[in-house]
Structures are given as structure tokens and as C-alpha cells.
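Take a look at the structure set out below.
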Amino acid sequence: MSESRPIICPTDNPSLSREELEQLYLSVNEVGARHRRSLLTRYNPYDKQREFHEQGALHRERCLMSANQVGKTYSGAAEVAIHLTGRYPDWWSGRRWDRPVRAWAGSQTGDVTRDGIQRLLLGEPKDESQWGEGMIPGDSIVSWSRKTGVPNALDSVTVKHVSGGKSTLGFKSYDAGRTKWVGETLDLVWFDEEPDLEIYTEGLRASRKI
């Protein structure tokens, strides 16, 4: 067993002035904040997730099926964030857009969409100070609008694209009914859970053909 060693805190160093300690504290916090707001750059998919992303270059419709809590929503959030920002990683071989995109993402209810999709894309819904710590980098978020009737839920978010334009993402729920899924022309639609056929059909109609 290796010998334990004392952990030296900067405050134990009498040579540091109060101003230097404050600057060190701010620097450490800044590094931590940057790390928390760079989740997308640290996304490293496992084989099944990577295969799912790759198939986007070939197929208009894709489905990722697996057990619970193994990364389905996580990989969906990563792909949507990549398309919204245009920040395609070096390993990416899936579908690409060289312009801003228009997208929708939804799940069973407004609460479920908020706690799953929204949380992974933007950060903890109940703490606005954490918005920007999800898959969409904080420095890419331009604005958002809130959803009525669902606490801490968003209706849409606007995201800076690397081309210089702005992408948009609307948050949807299946329980709102089919009529809330019509009337748009979109580049992509992300169903986090399997929807009813009529809602899926409307989402398919709204998405442009590749």
C-alpha cells in the first residue's frame, strides 16, 4: 500500500497574499465552469451509439433500442446538439448540415420532456444558473422561451451555428396531441420514446427529405 501524503491547500502557503488567493480561487472556479459547459466536446460514444450516428448518413429514419439507462437519450441529445451547433467532431461520419437547422424534440409528457431531453441538452431545469451545462455548449445558447403550464420547462431554444446563423429547437410532448405536431418544415425530429403512429407520421411529414 502506498504511503499517504498530506494534501497542501494554497491557504497553507503564507507567501500568497489575500489578492493572490482570491485570484487563484477565481481561476479554479473558471476552469470548473468551463469544464461543466463543455459536455459536448467530451462526448465519446460507445460502439452502438456510434453506429446509430453513422446510419444517419444513409437513412432518413433510425431507431435506437436498448435496455433502460444505457445511454439512448444521452446519445440522442448529443446528436441533436451537434446538428444545432454544427460542431461536428473529427470522428463523425453521420448526417451533416453546413447551415443552421430547425428541429423538434419530444417525449411522452411535458414533465418527461423537461426532465429528460431538456435536462440533457441544457442542464438542470430547476436551476437556471446551470443552463448551458448540458450537451448544447453554454456559449452557443442565444435565447430560450418558456413553456406555459409546465414549471421550469422550455418551449424552444435558439442556438448559434458555426456557419454564423442560428438553429432552433422546439420542445414537444405526445400528450399535447397530434395538432401540436403539424404545420412546420423541419430538418430533424427526435422522438425520445416511441410515440403513437399519428404523431410519428406528422413528425415525419414535417421533416425535410434528405
Determine whether Glu19 is modelled with pLDDT of 65 or more and either touching a Leu at 6+ places or on another chain (Cβ under 8 Å) or open to solvent by 90 Å² or more (accessible area, probe 1.4 Å) (or both). yes
Run Asp90 past the list (1) out of contact with any Leu (no Cβ under 9 Å at 6 or more places or on another chain); (2) among the acidic types (Asp, Glu); (3) open to solvent by less than 60 Å² (accessible area, probe 1.4 Å) and report the number of the one that doesn't hold. (3)
Region 103-122: number of residues that are surrounded by fewer than 17 Cβ atoms within 10 Å (Cβ to Cβ) and either in contact with a Pro (Cβ under 7 Å, 6 or more places away or on another chain) or not acidic (Asp, Glu) (or both): 2
Exactly one condition in (1) modelled with pLDDT of 95 or more; (2) open to solvent by less than 20 Å² (accessible area, probe 1.4 Å) is not met by Pro137; state its number. (1)
Being farther than 23 Å from Ala176 by Cβ and either open to solvent by less than 10 Å² (accessible area, probe 1.4 Å) or touching a strand residue (DSSP E or B) at 6+ places or on another chain (Cβ under 7 Å) (or both) narrows Pro125, Pro100 down to just Pro100
Selection from region 163-181 of residues that are among the aliphatic types (A, V, I, L, M) and crowded, with 19+ Cβ neighbours inside 10 Å: Leu169
From the list Asp98, Asp115, Asp111, which one is touching a residue at least 24 places away in the same chain (Cβ under 8 Å), assigned to a helix (DSSP H, G or I) and out of contact with any Phe, Trp or Tyr (no Cβ under 9 Å at 6 or more places or on another chain)? Asp111
In region 28-66, what count of residues is obtained for those that are open to solvent by 40 Å² or more (accessible area, probe 1.4 Å), more than 18 Å from Leu84 (Cβ to Cβ) and at pLDDT below 70? 7
Would you pick out the residues in region 182-210 that are touching a strand residue (DSSP E or B) at 6+ places or on another chain (Cβ under 8 Å), open to solvent by 70 Å² or more (accessible area, probe 1.4 Å) and of a type in the set (A, V, I, L, M)? none
Considering region 164-193, residues that are closer than 17 Å to Arg60 by Cβ, in a loop (DSSP other than H, G, I, E, B) and more than 17 Å from the chain's Cα centre (by Cα), and then whichever is modelled with the lowest pLDDT, we arrive at Glu184
Here the residues within region 57-73 that are under 25 Å from Lys180 (Cα atoms) and either outside any loop (DSSP other than H, G, I, E, B) or among the polar types (S, T, N, Q) (or both) are Lys72, Thr73
Positions within region 148-163 being at pLDDT below 95 and of a type in the set (Gly, Ala, Ser), in sequence order: Gly149
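The values are calculated or read from the model by the stated rules, or taken from the named source; none is laboratory data. None of these values were measured; they are calculated from a predicted model. Cβ coordinates were reconstructed from backbone atoms using ideal geometry, including for glycine residues, and neighbour counts include every protein chain displayed. Accessible surface is based on the protein model in full, side chains and every heavy atom, while ligands, DNA and RNA are left aside. Shrake-Rupley method; radii C 1.70, N 1.55, O 1.52, S 1.80 Å.
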